[in-house]
Amino acid sequence: MKKKKGKKKKKKTLLGRGEAIMSGSTVIFYLLAAITLVSALLAVTTRMIFRAAIYLLFALIGIAGIYFWLQYEFIAAVQIIVYVGGIVVLIIFSIFLTQQAGEQLPKQKLGRQLFAALASFCGLALVMLQLAQHAFVETGNKAIEPTVANIGTQMLGVEEGGYSLPFEVVSMLLLAALIGCIVIALKSKPETE
Amino acid sequence: MPGLPLSWRGNEGEVMWSLTNISSAIHDWLNQTFNPTWVMVIEMVIAGIAVIGLFAVLGLVLVLMERRVAAWMQIRLGPNRVGPFGLMQSLADTLKLLVKEGMTPDGADKFLFNLAPFIAMMVAMLLMAPIAFAKGFQLWDMNIGVLYVTAISSIMVISILMAGWASNNKYSLMGAMRSGAQIVSYELSAGLSILTIVVLTGSLNITDIINAQADGWWIFKGHIPVIISFVIFIIAVTAETNRAPFDLAEAESELTAGFHTEYSGMKFALFFLAEYINVFIVCAIGATLFLGGWMPFHIGNWEAFNHVMDYIPSSVWFFGKTFFLIFVIMWFRWTFPRLRIDQLLTLEWKYLLPISMFNLLLVTALAILGWHF
Amino acid sequence: MIEPGLYHMLFISTTLFFIGVYGFFTRRNLVTMLMSVELILNSVNLNFIAFNKYLWYDNE
């Protein structure tokens, strides 16, 4: 009896068919979603490359905000460290070092833009249709909460459900990338007479 | 959503007086009077006003303190005309900055140019959230407190890069790039020295870290490795906040004023304020991790001594330690000459980073073997 | 306004994915293409997190 009740309650939230109440947390969610989507759209449409990077930053922070909203604080902090502290800074530095300052990107052909818009809209419509028709089945087991301790023990766990092997493989990938960087940086400059 | 979750549940009958009771009384009263959404809004407004008020006071105090410390180091008087003992000097400065014209250069990207100081301010405000100012006085006691500070402070570099690029000035751009390289590199050793304390405590939560120091601060309990990591932490945060001797981003003899060359009036003041607030925040974090935050000076199980120490209020301990560290950082500024960019990067990558990595291993061994007190 | 659930998260991540795809098609610059790819990767991450959060029910 009790089980049924819990399931029913959960399903309501799963399908997003709760009562139409305007609680503060709901408003915050919609705000975060709007920030994310609008700045993502601006990031791919603006013709000023540095602004594109800044809009991308806002989109990534918006996603981190959604993780905070879901109360997955560790994931949110990692999102900010990796994407904002790492990738956006990398992108900005590559803009500084390779692109012309303050110049606008060349305008794309209208046909190309139309084609891209059409293609991505069709894809979006297709996936949305699938989503609307598909009923997601809840698994019975409670998923592991992504807290720091859980993620740590899972990463280095060797028993069933542990991710020790993938973790080591990924660290090998990182090592390879590091060595690649060093090799590129070591490349001696061509001698000029 | 987090409203004002209340931290440390103090035991009944303790000497040390906690603010938890007051804030939970306010929270309960609000919950009885309004519905939860409005309670959240009201609590956020209260927190916002508190943070802005603290900002204003800290800005005034720290600017005056910097000038007085500088004067003291150079055996002169410093500001002493406005108000009693020159105490109103920074207020007068603020007034001056407020009425100045805020100019935007012609070729600048206006949107980003105006956005950058606000991002710097917002980052500084966000960083206030997990800091425990006194016993039971903390905005958001999240379970990843220290990691949150590391994460949010990495957004700071974006505002500097944005300001430097949007100014459309070569000095600004060079200052911003130097600052970017500097902050990104020094974040590593700051992070590693924070990790040593996390390893010793076994938690990222600020409250847990403070409570673990109830029988002595980590700098005393952790032997030499923790002292090493404390020294590295102080060096790294001095570099991260762009202060002398690491102020290459605004080296006035080479780059006019670095990334904020083109800023004037209130926008400049926001950058200036954000810099001082960041100094305060990193010192507060340093005080929390290594010197016990609001925890009074306790020695092992000397009951009587600890009891006497408990009579000093917790906020006095916290602000005392924090301002001591701020004084140390100001002391650096007037003692060491500015580094060159290559010396700066050599110091980080060839000395601090290997030392702090090795130190982290040492601390891990210390924690596993239980050799700390 | 409806209380957000799994489908809201999936909507955001799908839209983000196709915004990224649009950017990838229209941009001719390597750096901006990298940005679009970042958006796509982030939408995938958001999907994982959403499924972790919502796709189970209490057994008790």
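Bear in mind these aren't lab numbers, they're just calculated from the coordinates by the rules spelled out. Source: prediction; values computed, not measured. Cβ coordinates were reconstructed from backbone atoms using ideal geometry, including for glycine residues, and neighbour counts include every protein chain displayed.
Values as computed for the structure displayed
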item: Helix C:6-26 vs. chain C, principal-axis angle (Cα, 0 to 90°, nearest 10); result: 10 degrees
item: Rounded, prolate or oblate (a/c below 1.5 giving rounded, otherwise prolate when a/b exceeds b/c) for segment A:24-103 by Cα gyration tensor; result: oblate
item: Inter-centroid distance (Cα atoms) of chain C relative to segment B:211-263, Å; result: 38 Å
item: Relative packing of C:3-11, B:331-339, which averages over residues the other C-beta atoms within 10 Å, highest first; result: C:3-11, B:331-339
item: Over 25 Å between alpha carbons, listed pairs B:K267/B:K321; A:K107/B:K267; B:K221/B:K321; B:K170/B:K267; A:K107/B:K110; result: B:K267/B:K321; A:K107/B:K267
item: Pairwise label distance in nanometres, B:I312 with B:K100, each label 7 Å out on the Cα-Cβ vector; result: 3.9 nm
item: Partner chain coverage, peptide A:34-40 - average Cβ within 10 angstrom; result: 4
item: Rel. contact order, % - alpha carbon contacts under 8 angstrom, at least six apart, chain B; result: 22 percent
item: Ratio of the Cα radius of gyration of segment B:104-369 to 2.2 N^0.38 Å, where N counts its residues; result: 1.05
item: Most mobile listed residue (B:A284, B:A190, B:A129) in chain B, GNM with C-alpha springs under 10 Å; result: B:A129
item: Cα gyration tensor shape of segment A:62-139, rounded if a/c is under 1.5, else prolate or oblate by comparing a/b with b/c; result: oblate
item: Rg over Rh [alpha-carbon atoms, Kirkwood Rh] for chain C; result: 1.16
item: Förster radius 45 Å - calculated FRET efficiency between A:K107 and B:I26, Cβ distance, rounded to 0.05; result: 0.20
item: Residue range of chain B that is longest and free of GluC sites (Glu not before Pro) which are both DSSP loop and sparsely packed (at most 16 other C-beta within 10 Å); result: B:102-373
item: Cα pair count fraction exceeding 46 Å, expressed as % - the protein assembly as shown; result: 20 percent
item: Total formal charge among the other residues, if their Cβ is under 10 angstrom from that of B:Y186, Lys/Arg +1 and Asp/Glu -1; result: -3
item: Per-residue mean of C-beta atoms belonging to partner chains within 10 Å, peptide A:41-47; result: 5
item: Whole-Hz ³J(HN,Hα) from phi, Karplus 6.51 cos²θ - 1.76 cosθ + 1.60, for segment B:106-114, glycine and proline x; result: 5, x, 6, 7, 4, 4, 6, 4, 7
item: Average other protein chain Cβ within 10 Å of Cβ, residues B:144-153; result: 5
